[in-house]
Amino acid sequence: MPRNIYEEDHESFRSSVREFVERELVPRTESMIAEHSIPREVWLEAGKQGFFGLTIPEEFGGAGIDDYRFNAVLAEELAKFNSATSSCFGIHADITAPYIVAMGTQEQKERWLPQVATGEKILAIGMTEPSGGSDLANLKTTAVKADDGSGDWIINGSKTFITNGYQCDLAVVAVRTDPTKGAKGISLFVLEKEDEGFTKGKPLDKVGQPESDTSELFFDNVRVSEDRLLGPEGMGFISMMQKLPQERLGNAIGNIAGARQILEETIEYTKERKAFGQPIGAFQHNKFKMAELLTMVEVTEAYIDDCVVAHADAKLTAVDAAKAKWWAAEIQSKVLDECVQLHGGYGFMNEYRVARAWKDARVHKIWAGTNEIMKELIGRDLGL
């Protein structure tokens, strides 16, 4: 089925992203895996191309585009390369930057957003904690007022599984500012890498996505002034709940785009690979399997495209975003597992993109809220 949500401007932008991927990312594939990070020069080049400033207002160095479909195009094309790069760039520009745009003071926006747009300052967001996982309301990291009357805050605690954590220059961190108010006692702060007491663990050794630096963040009596508080005190949890649908939709977009890309490559592989005197794709079982997989992908794309349009119109609900997130992760997992099988022994070799994509995708059923949490949200909406 043809997709009909994108217009000429979106496709022109898509061409720009593809050119960037071929020029800047593809030649660095092996080095990024070996170094467990995306080089700074790539971040800067992406910033120069305007990829990080799509929704940042023009007065702060961005493009000020109020059309989420451009974000979706960027997520799709990066995910076709690999999910690690899509994740790192997405955390920076599509997930964390919107907090500063929506909640920052004029001074905060002027201070941080221009360098966020250029890629000079890399963003991370600190939600997940070692003891909490998906339970964002149960934060242990605290911020208390200094007892010297200065108005400063003292932050203690830690975060884990933080994408861009090792490279980040700025981190938006969720902390508990009032232990008596539950979720309403959570606030957001912006920490800078130079802040005394703010340290980063070494990049974590993950099963997949080696290009993505993922680390722990530690806060040992980090003292920051009142102007590091992002938004009103006590509004952190509410703000996260308002922003999570976009994060989950971004995940869904990348998941199904990545699945389609590997499926298309697998289809071509089955046309060329021969066994018993004929292409393996000609065997009825394999032919039927690929027909099933393509149908799964296209049906999922149709739902996610509807979600993209709804979000561009500010109508996407948290429940529909949860549906998109868990379903796309599930379909991606099924598609990639079958693609590995269709490659046979070669599908288990790291030199093949299908093997890397298969490993990279496993975390998609866990992060941004586990698939089980997504089903819980949907179930609650049913009144169950």
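The values are calculated or read from the model by the stated rules, or taken from the named source; none is laboratory data. Predicted model only: the values in this text are computed from it and were never measured. No Cβ is skipped: glycine too gets one built from the backbone with ideal geometry, and neighbour counts run over all protein chains shown. Ligands, DNA and RNA are excluded from the accessible area calculation, which covers all protein heavy atoms including side chains. Shrake-Rupley method; radii C 1.70, N 1.55, O 1.52, S 1.80 Å.
Going by the structure shown, is Glu330 surrounded by fewer than 19 Cβ atoms within 10 Å (Cβ to Cβ) and part of a helix (DSSP H, G or I)? If you could, list the steps in order and put the result at the bottom.
Details: surrounded by fewer than 19 Cβ atoms within 10 Å (Cβ to Cβ): yes; part of a helix (DSSP H, G or I): yes.
So Glu330 fits the description; yes.
If you check Glu301 against the conditions, is it in contact (Cβ under 8 Å) with a residue 60 or more places away in the chain, under 29 Å from the mean Cα position of the chain (by Cα) and closer than 18 Å to Glu265 by Cβ? Show your work before the answer.
Numbers: in contact (Cβ under 8 Å) with a residue 60 or more places away in the chain: yes; under 29 Å from the mean Cα position of the chain (by Cα): yes; closer than 18 Å to Glu265 by Cβ: yes.
So Glu301 passes the test.
Condition first: open to solvent by less than 20 Å² (accessible area, probe 1.4 Å) and of a type in the set (Ser, Thr, Tyr). Now tell me which residues in segment 210-258 satisfy that.
Ser212, Thr214, Ser215, Ser239, listed by residue number.
Of all residues in segment 227-277 being among the basic types (Lys, Arg) and out of contact with any strand residue (DSSP E or B) (no Cβ under 6 Å at 6 or more places or on another chain), which is farthest from Leu170 (Cα to Cα)? If you could, list the steps in order and put the result at the bottom.
To start, the set of residues in segment 227-277 that are among the basic types (Lys, Arg) comprises 228, 243, 248, 260, 271, 273-274.
Subset that is out of contact with any strand residue (DSSP E or B) (no Cβ under 6 Å at 6 or more places or on another chain): 243, 248, 260, 273-274.
Numbers: Lys243: 18, Arg248: 22, Arg260: 34, Arg273: 48, Lys274: 52 Å.
Top of the filtered list is Lys274.
Being open to solvent by less than 20 Å² (accessible area, probe 1.4 Å) and assigned to a loop (DSSP other than H, G, I, E, B) is the filter; apply it to segment 151-176 and report the residue that is nearest to Glu211 (Cα to Cα). Don't jump to the end; show me each part of the working.
In the first step, residues of segment 151-176 are kept if they are open to solvent by less than 20 Å² (accessible area, probe 1.4 Å); the result is 153, 155, 159-160, 162-165, 168-175.
Those left that are additionally assigned to a loop (DSSP other than H, G, I, E, B): 164-165, 168-169.
Numbers: Asn164: 10, Gly165: 13, Cys168: 15, Asp169: 18 Å.
Top of the filtered list is Asn164.
For segment 345-373, how many residues meet the condition of being in contact (Cβ under 8 Å) with a residue 12 or more places away in the chain, farther than 13 Å from Ser333 by Cβ and small (Gly, Ala, Ser)?
So the count comes out to 3.
Restrict the check to segment 292-312 and report whether at least one residue is within 30 Å of Leu136 (Cα to Cα), acidic (Asp, Glu), at pLDDT 95 or above and outside any helix (DSSP H, G or I).
Start the filter on segment 292-312 by keeping residues that are within 30 Å of Leu136 (Cα to Cα), which leaves 300-301, 303-312.
Still in the list and also acidic (Asp, Glu): 301, 305-306.
Now restrict to residues that are at pLDDT 95 or above: 301, 305-306.
The next check asks that each one be outside any helix (DSSP H, G or I); those that pass are none.
Checked against the condition, which is being within 30 Å of Leu136 (Cα to Cα), acidic (Asp, Glu), at pLDDT 95 or above and outside any helix (DSSP H, G or I), segment 292-312 yields no hits at all.
Results for (1) open to solvent by less than 30 Å² (accessible area, probe 1.4 Å); (2) assigned to a helix (DSSP H, G or I), shown as yes or no for each residue.
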residue: Tyr99; (1), (2): yes, yes
residue: Leu113; (1), (2): yes, yes
residue: Ile125; (1), (2): yes, no
residue: Pro130; (1), (2): no, no
residue: Gly149; (1), (2): no, no
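Collect the residues in segment 62-79 that are buried (at least 20 other Cβ atoms within 10 Å of the Cβ) and of a type outside the set (Asp, Glu), keeping them in residue-number order.
Just the residues of segment 62-79 that are buried (at least 20 other Cβ atoms within 10 Å of the Cβ), to begin with: 62, 68, 70-79.
Those that are buried (at least 20 other Cβ atoms within 10 Å of the Cβ) and of a type outside the set (Asp, Glu): Gly62, Tyr68, Phe70, Asn71, Ala72, Val73, Leu74, Ala75, Leu78, Ala79.
Give Gly236, Gly201, Gly277, Gly250 a once-over and let me know the one that is among the small types (Gly, Ala, Ser) and touching a Leu at 6+ places or on another chain (Cβ under 6 Å). Let's see the steps before the verdict.
On the way: Gly201 fails: touching a Leu at 6+ places or on another chain (Cβ under 6 Å); Gly277 fails: touching a Leu at 6+ places or on another chain (Cβ under 6 Å); Gly250 fails: touching a Leu at 6+ places or on another chain (Cβ under 6 Å).
Just a single option satisfies the conditions, and that option is Gly236.
Any residue in segment 100-115 that's of a type in the set (Asp, Glu): show its pairings with residues that are surrounded by fewer than 17 Cβ atoms within 10 Å (Cβ to Cβ) and in a helix (DSSP H, G or I) at Cβ separation under 7 Å, as long as the two are six or more apart or on different chains.
Qualifying pairs under 7 Å: Glu107/Asp227.
Go through the residues of segment 179-201 one by one and say whether even a single one is part of a strand (DSSP E or B), among the hydroxyl-bearing types (Ser, Thr, Tyr) and over 18 Å from the mean Cα position of the chain (by Cα). Quick ask: steps written out before the conclusion?
We begin by selecting, within segment 179-201, every residue part of a strand (DSSP E or B); these are 186-192, 198-200.
Now drop any that are not among the hydroxyl-bearing types (Ser, Thr, Tyr), which leaves 187, 199.
Adding the requirement that they be over 18 Å from the mean Cα position of the chain (by Cα) leaves 187, 199.
Yes.
When you scan segment 49-70, how many residues do you find that are under 18 Å from Ala310 (Cβ atoms) and touching a Ser or Thr at 6+ places or on another chain (Cβ under 7 Å)? Before the answer, list the steps.
Kept after step one, since they are under 18 Å from Ala310 (Cβ atoms), are these residues of segment 49-70: 55, 65-70.
Imposing the further condition that a residue be touching a Ser or Thr at 6+ places or on another chain (Cβ under 7 Å) reduces the set to 65.
Of the residues in that region, 1 qualify.
Would you check if Lys325 is open to solvent by 40 Å² or more (accessible area, probe 1.4 Å) and touching a residue at least 12 places away in the same chain (Cβ under 8 Å)?
Working: open to solvent by 40 Å² or more (accessible area, probe 1.4 Å): no; touching a residue at least 12 places away in the same chain (Cβ under 8 Å): yes.
When the stated conditions are applied, Lys325 does not pass them.
Which of the residues spanning segment 265-302 are surrounded by 19 or more Cβ atoms within 10 Å (Cβ to Cβ) and of a type in the set (D, E, K, R)?
Within segment 265-302, just Glu301 meets the criteria.
Taking segment 177-207 on its own, how many of its residues are in contact with a helix residue (DSSP H, G or I) (Cβ under 8 Å, 6 or more places away or on another chain), touching a residue at least 60 places away in the same chain (Cβ under 8 Å) and open to solvent by 10 Å² or more (accessible area, probe 1.4 Å)?
2
Within segment 208-257, can you find the residues that are farther than 30 Å from Val354 by Cα and among the aliphatic types (A, V, I, L, M)?
As a first pass, look at segment 208-257 and keep what is farther than 30 Å from Val354 by Cα: 217-243.
Scanning segment 208-257 gives Leu217, Val222, Val224, Leu229, Leu230, Met235, Ile238, Met240, Met241.
Among the candidates Glu24, Glu41, single out the residue that is assigned to a helix (DSSP H, G or I), exposed (fewer than 14 other Cβ atoms within 10 Å of the Cβ) and either touching a strand residue (DSSP E or B) at 6+ places or on another chain (Cβ under 6 Å) or of a type in the set (Asp, Glu) (or both). Let's see the steps before the verdict.
Working: Glu24 fails: exposed (fewer than 14 other Cβ atoms within 10 Å of the Cβ).
On inspection, the qualifying residue turns out to be Glu41.
Checking Gln115 against (1) touching a strand residue (DSSP E or B) at 6+ places or on another chain (Cβ under 8 Å); (2) of a type outside the set (D, E, K, R); (3) under 23 Å from Leu229 (Cβ atoms), which single condition isn't satisfied?
Failing condition for Gln115: (1).
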